[in-house]
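Asker: The structure that follows is given in the form of structure tokens.
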Amino acid sequence: MSENPSEVVATLRNSFNSGKTRPLEFRIKQLLNLLKLYEENEDAIVEALWTDLKKCKGEALLMEIQFLINDLKTVLMNLYRWAKPEHVEKDLANLLDKAYIQREPYGVVLVIGAWNYPFQLTFGPVHGAIAAGNCVVIKPSEISPATAKLIAKLVPKYLDGDCYKVFNGGIPETTELLKERFDYIFYTGNTNVGKIIHQAANKYLTPVTLELGGKSPCYIDNSVNYLTATKRILWGKLANAGQTCVAPDYILCTKEVQQEIIEAAKIIVPQFYANPKESSEYGRIVTDRHFERLQGLLKSGKIALGGEYDAEEKYIAPTILTDVKETDDVMKEEIFGPILPIYNVNTVQDAINFINKREKPLALYIFSNRKSVVDSIINNTSSGGICVNDTVMQLAIDTLPFGGVGASGMGGYHGKFSFDTFSHKKAVLEKNLDALGEKLGSAKYPPLTPGKINYL
Ligand code: NAD
């Protein structure tokens, strides 16, 4: 049974108010403990991810554990520098004074994770929240229960129990939790729930980061090496059985390019998985409900590759669909599974028009060797991020912010962006009371003659 949300938040608020999380040494100790948590529990984490998603060990290590370890090491190496006051330019009137941005923690923050990368997406934001000096309520997704249970077991063993607490539960429990007053909410999940979170946050004007989803398009033209391009597209599409927020959702290309992609996919899929159903490298759909939705999407268009499924195992083969219509569900809702529809367009301008008629995507992919095509899409569309000639890799560079825009979310994180997300940037002006300083600043006093106004 979940703890009482009011008690959880009250404990954390007392701790925050005591100033316990303010010293950088305390934060660094907690972050080092988190590093130990990842390193000492690799087997248990891999097992939980297998139980929830049949995520293979390689993917679990690469995309969840190692990803977090790398992010955490960046934070640990840079935290002292990031937390320093940031001095800013000044005008003549403040020449002798100090003006700087002081990063301060918000207070008690809530991090709500999603099930598809349930370890990475729950702990990733927590790095920034701890580094910035906040107390944190960690709410894993109930859709990945083995991982949620493991997180609840491990966190109290490694992190300070008065400052960081795991709160497990489904929709009713989360609804109760959201009635509490938080100083920041960081949510990862779907756009509809994102709106619920935004509404709940509004009650106390709590700032939010919303890491949401949507349909991420992938444009491909005839200037590419089809085998390489298709390999990179299918890698991004099939990892975690397509349950990746930045997976290429659908392809936009001409009929001629479509044929090349299908031929390339027939070579590449067996290279990835000799038999996807038997391969331990290929994942499963998270729940029966999600499986049934995806099974329904297979009815759109024509199957050019794959199309097999097994409800018992929640298995869906790597699938390519052609001849889909704009009005088909597969072209309307985020797919979030191993189904890749190809929608035909004749020109890059058609592709841009198609993208701009829809909600702003989280990711946008372009495969082309033509600079004019790449520039034209970058400059005439809006998306959380863009990756040219690859997929998913934009989020592996922690010097780039990761986040959406419009319906795909607001705010961003990774690396320093996580620290900044969880820090209020307080403007500080420290003036001195010296005679010279007083003279430099005296133009503000009445009477405000034209000469003084020009000086100011
Ligand atoms: P989910 O079902 O795990 O939900 C996410 C979180 O929201 C969970 O912790 C859940 O308990 C909570 N939640 C669900 N319904 C709620 C409600 N009514 N009130 C309050 N809280 C509620 O995950 P999901 O939404 O199925 O995740 C898939 C979606 O998330 C996709 O759209 C995907 O693109 C998106 N996503 C985005 C990112 C990103 O970083 N931008 C990452 C992963 C997933």
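The values are calculated or read from the model by the stated rules, or taken from the named source; none is laboratory data. All of these numbers come straight from a predicted model, not from anything done at the bench. Don't worry about glycine lacking a Cβ; one is built from the backbone with ideal geometry, like all the others, and counts go over all protein chains shown. Only protein heavy atoms, including side chains, enter the accessible area calculation; ligands, DNA and RNA are left aside. Shrake-Rupley method; radii C 1.70, N 1.55, O 1.52, S 1.80 Å.
Asker: Across region 130-180, which residue is nearest to residue 208 (Cα to Cα) among those that are among the acidic types (Asp, Glu) and in contact with a Pro (Cβ under 6 Å, 6 or more places away or on another chain)? Talk me through it step by step, then tell me what you get.
Answerer: Narrowing region 130-180 to residues among the acidic types (Asp, Glu): 142, 160, 162, 173, 176, 180.
Applying the additional criterion that residues be in contact with a Pro (Cβ under 6 Å, 6 or more places away or on another chain) yields 176, 180.
Values: 176: 18, 180: 14 Å.
The selected residue is 180.
Asker: Which count do you get for residues in region 198-216 that are among the aliphatic types (A, V, I, L, M), within 11 Å of the ligand (Cβ to nearest atom) and under 24 Å from residue 414 (Cα atoms)? It would help to see each step written out before you state the result.
Answerer: Restricting attention to region 198-216, the residues satisfying the condition of being among the aliphatic types (A, V, I, L, M) are 200-201, 205, 208, 210, 212.
From what's left, within 11 Å of the ligand (Cβ to nearest atom): 200, 210, 212.
Still in the list and also under 24 Å from residue 414 (Cα atoms): 210, 212.
Selection size over region 198-216: 2.
Asker: Taking residue 330, is it under 21 Å from residue 192 (Cβ atoms) and either without any contact (Cβ under 8 Å) to a residue 40 or more places away in the chain or outside any loop (DSSP other than H, G, I, E, B) (or both)?
Answerer: Details: under 21 Å from residue 192 (Cβ atoms): yes; either without any contact (Cβ under 8 Å) to a residue 40 or more places away in the chain or outside any loop (DSSP other than H, G, I, E, B) (or both): yes.
When the stated conditions are applied, residue 330 passes them.
Asker: Residue 358 passes all but one of (1) basic (Lys, Arg); (2) under 22 Å from the mean Cα position of the chain (by Cα); (3) more than 26 Å from residue 197 (Cβ to Cβ); which number fails?
Answerer: Among (1) basic (Lys, Arg); (2) under 22 Å from the mean Cα position of the chain (by Cα); (3) more than 26 Å from residue 197 (Cβ to Cβ), the lone unmet condition for residue 358 is (3).
Asker: If we scan region 65-75, do we find a residue that is more than 18 Å from the chain's Cα centre (by Cα) and modelled with pLDDT of 95 or more?
Answerer: yes
Asker: A further question follows. Being more than 22 Å from the chain's Cα centre (by Cα) and open to solvent by 10 Å² or more (accessible area, probe 1.4 Å) is the filter; apply it to region 237-261 and report the residue that is nearest to the ligand (Cβ to nearest atom).
Answerer: My answer is 258.
Asker: Shifting gears a bit: For residue 117, are the conditions met, namely being away from the ligand (no atom under 16 Å from the Cβ) and modelled with pLDDT of 95 or more?
Answerer: Working: away from the ligand (no atom under 16 Å from the Cβ): no; modelled with pLDDT of 95 or more: yes.
Here the answer is no, as residue 117 does not meet what is asked.
Asker: Can you tell me how many residues in region 106-123 are surrounded by 22 or more Cβ atoms within 10 Å (Cβ to Cβ) and touching a strand residue (DSSP E or B) at 6+ places or on another chain (Cβ under 7 Å)? Give the steps one after another, and end with the answer.
Answerer: First, the residues of region 106-123 that are surrounded by 22 or more Cβ atoms within 10 Å (Cβ to Cβ): 108-119, 121-123.
Within this subset, residues satisfying the condition of being touching a strand residue (DSSP E or B) at 6+ places or on another chain (Cβ under 7 Å) are 108-114, 121-122.
Selection size over region 106-123: 9.
Asker: Further question on the same structure: Considering only residues that are open to solvent by 10 Å² or more (accessible area, probe 1.4 Å), out of contact with any Leu (no Cβ under 6 Å at 6 or more places or on another chain) and closer than 30 Å to residue 292 by Cβ, which ones fall in region 356-384?
Answerer: Residues satisfying the conditions are 357, 358, 359, 360.
Asker: Return only the number of the condition from (1) touching a Phe, Trp or Tyr at 6+ places or on another chain (Cβ under 9 Å); (2) surrounded by 24 or more Cβ atoms within 10 Å (Cβ to Cβ) that residue 183 does not satisfy.
Answerer: That leaves (2) as the condition not met.
Asker: Examine region 206-224 for a residue that is at negative phi, without any contact (Cβ under 8 Å) to a residue 24 or more places away in the chain and open to solvent by 20 Å² or more (accessible area, probe 1.4 Å), and state whether such a residue exists. Show your work before the answer.
Answerer: So in region 206-224, the residues at negative phi come out as 206-213, 215-224.
Now drop any that are not without any contact (Cβ under 8 Å) to a residue 24 or more places away in the chain, which leaves none.
No, because not a single residue in region 206-224 is at negative phi, without any contact (Cβ under 8 Å) to a residue 24 or more places away in the chain and open to solvent by 20 Å² or more (accessible area, probe 1.4 Å).
Asker: Kindly indicate which of 22, 13, 27 is outside any helix (DSSP H, G or I) and not β-branched (Val, Ile, Thr). It would help to see each step written out before you state the result.
Answerer: Values: 13 fails: outside any helix (DSSP H, G or I); 27 fails: outside any helix (DSSP H, G or I).
Sole residue among the options that is outside any helix (DSSP H, G or I) and not β-branched (Val, Ile, Thr): 22.
Asker: Search region 397-456 for residues being touching a Phe, Trp or Tyr at 6+ places or on another chain (Cβ under 6 Å) and over 30 Å from residue 120 (Cα atoms), and hand back the single one that is least open to solvent (accessible area, probe 1.4 Å).
Answerer: In this case the residue turns out to be 443.
Asker: For region 417-456, how many residues are aliphatic (A, V, I, L, M) and modelled with pLDDT under 85?
Answerer: To start, the set of residues in region 417-456 that are aliphatic (A, V, I, L, M) comprises 427-429, 433, 435-436, 440, 443, 448, 453, 456.
Checking which are modelled with pLDDT under 85 leaves us with 440, 453, 456.
Within region 417-456, residues that are aliphatic (A, V, I, L, M) and modelled with pLDDT under 85 number 3.
Asker: Just to be sure, is residue 88 farther than 30 Å from residue 235 by Cβ and within 16 Å of the ligand (Cβ to nearest atom)? It would help to see each step written out before you state the result.
Answerer: On the way: farther than 30 Å from residue 235 by Cβ: yes; within 16 Å of the ligand (Cβ to nearest atom): no.
Spelling it out, it is not the case that residue 88 is farther than 30 Å from residue 235 by Cβ and within 16 Å of the ligand (Cβ to nearest atom).
Asker: Let me confirm something: among 330, 392, which residue is open to solvent by less than 10 Å² (accessible area, probe 1.4 Å) and at pLDDT 95 or above? Write out each step before concluding.
Answerer: Details: 392 fails: open to solvent by less than 10 Å² (accessible area, probe 1.4 Å).
Of the residues listed, the single one that is open to solvent by less than 10 Å² (accessible area, probe 1.4 Å) and at pLDDT 95 or above is 330.
Asker: From the list 84, 157, 98, which one is under 23 Å from residue 51 (Cβ atoms), more than 18 Å from the chain's Cα centre (by Cα) and either of a type in the set (Lys, Arg) or open to solvent by less than 10 Å² (accessible area, probe 1.4 Å) (or both)? Give the steps one after another, and end with the answer.
Answerer: Details: 84 fails: under 23 Å from residue 51 (Cβ atoms); 98 fails: under 23 Å from residue 51 (Cβ atoms).
Result of the check over 84, 157, 98: 157.
Asker: Can you tell me which residue among 219, 187 is away from the ligand (no atom under 16 Å from the Cβ), in contact with a helix residue (DSSP H, G or I) (Cβ under 7 Å, 6 or more places away or on another chain), aromatic (Phe, Trp, Tyr) and part of a strand (DSSP E or B)? First the steps, then the outcome.
Answerer: Numbers: 187 fails: away from the ligand (no atom under 16 Å from the Cβ).
Just one listed residue meets the conditions, 219.
Asker: Please work out if residue 195 is open to solvent by 30 Å² or more (accessible area, probe 1.4 Å), within 11 Å of the ligand (Cβ to nearest atom) and either at pLDDT 95 or above or within 25 Å of residue 53 (Cα to Cα) (or both). It would help to see each step written out before you state the result.
Answerer: Working: open to solvent by 30 Å² or more (accessible area, probe 1.4 Å): yes; within 11 Å of the ligand (Cβ to nearest atom): yes; either at pLDDT 95 or above or within 25 Å of residue 53 (Cα to Cα) (or both): yes.
When the stated conditions are applied, residue 195 passes them.
Asker: How many residues, within region 121-171, are in a helix (DSSP H, G or I) and either aliphatic (A, V, I, L, M) or within 9 Å of the ligand (Cβ to nearest atom) (or both)? Write out each step before concluding.
Answerer: Applying the first criterion (in a helix (DSSP H, G or I)) to region 121-171 yields 121-131, 145-158, 171.
Narrowing further to those that are either aliphatic (A, V, I, L, M) or within 9 Å of the ligand (Cβ to nearest atom) (or both): 121-122, 124, 126, 129-131, 146, 148, 150-152, 154-155, 171.
Summing the residues that are in a helix (DSSP H, G or I) and either aliphatic (A, V, I, L, M) or within 9 Å of the ligand (Cβ to nearest atom) (or both) in region 121-171 gives 15.
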